[in-house]
1. With a cut-off of 8 Å between alpha carbons and a minimum separation of six or more residues, what is the relative contact order of the range 141-266 in percent?
2. Starting from the exponent 0.38 and prefactor 2.2 Å, build the expected Rg for the range 184-261 from its residue count and divide its actual Cα Rg by it.
3. For 211, 250, what ranking results if the residue with the fewest other Cβ atoms within 10 Å of its Cβ goes first?
4. Given only helices, namely DSSP H runs of n ≥ 4 each adding -39500 (n - 2.57), what is the per-residue ellipticity at 222 nm of the chain, to the nearest 500 deg cm²/dmol?
5. Tell me the Kirkwood radius of the chain: reciprocal of the mean inverse pair distance over distinct alpha-carbon atoms, in Å.
6. Determine Rg/Rh for the range 136-266; Rg is computed over alpha-carbon atoms and Rh is the Kirkwood hydrodynamic estimate from the same atoms.
7. Where in the range 193-215 is the amide nitrogen less than 19 Å from a point lying 7 Å along the Cα-to-Cβ axis of residue 252?
8. Using 0.36 nm per residue, how much length does the chain from residue 180 to residue 213 gain when fully extended, once their Cα-Cα distance is taken away?
């Protein structure tokens, strides 16, 4: 089976995929965009690994939008410490532009402000390396692995705002996980009405059953200003099915999967 993730070679997604495949029959396929990964998975071309959220920059909108659009399930989650570095063929004082992925930009905003160098966004950290390598007086913010792969010297290490910077990744499939005792579940709520107390009623379904909500986030529904859908993660319990049944009486619910955390290799 293909394990489809974000390329080119050297992205954090690619690093994680390499840790997940040793000793298996899976092969890694690299795709340049998250939308492309989710599209390929929806077509049955393999499972996908995509970033879901970062402790510094928040949720990855492209992943959330893809989960809204495609009939996909989350089958596992993984957590990866993220450390960024500024790499360039020349010294910091010579740089005229820095290439960085938008999430990387957010995660390294304090250093970037301090440097005062213009930023150009790219589709991935590996793409940043490729652009910096062919552009005079340019740098890239990327992983140590990407700097090594593309032969760009690191001139400033650990440029992330927070030394505990972590990204949560999820494995995506067309087939739900079959674990009988998963750890976490994810759903998408699409309210059909807009009224006072609606959000309270939605959350009360979980609170009255003692189900712990671990994350809630609104996202534009794409149907007009002020119209939102809600992503919820919650700890699995025996009352989960009952809570969802009650929730469906007041809103539309799309189940995104119940799953466990997977520890990637060192």
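Just so it is clear, none of the values below were taken in a lab; they were calculated from the coordinates. What you see is a predicted model; the values in this text were computed from it and never measured. Positions of Cβ are backbone-derived with ideal geometry, glycine not excepted, and every protein chain shown enters the neighbour counts.
1. Values: 137 pairs, mean separation 42.1, N = 126.
Reported as a whole number, the value is 33 percent.
2. On the way: Rg = 12.3 Å, N = 78, 2.2 N^0.38 = 11.5 Å.
Compactness ratio reported: 1.06.
3. On the way: 211 20, 250 16.
Arranged by neighbour count, lowest to highest, 211, 250 become 250, 211.
4. Details: 9 runs with 74 residues, N = 266.
That comes out to -7500 deg cm²/dmol.
5. Numbers: mean 1/r = 0.0505 Å⁻¹.
This gives a value of 19.8 Å.
6. Values: Rg = 20.3 Å, Rh = 18.2 Å.
Looking at the range 136-266, the ratio lands at 1.11.
7. Inside the label zone: 193-195, 198-199, 202-203.
8. Details: separation 33, 0.36 × 33 = 11.88 nm, distance 1.98 nm.
This chain segment gains 9.9 nm when fully extended.
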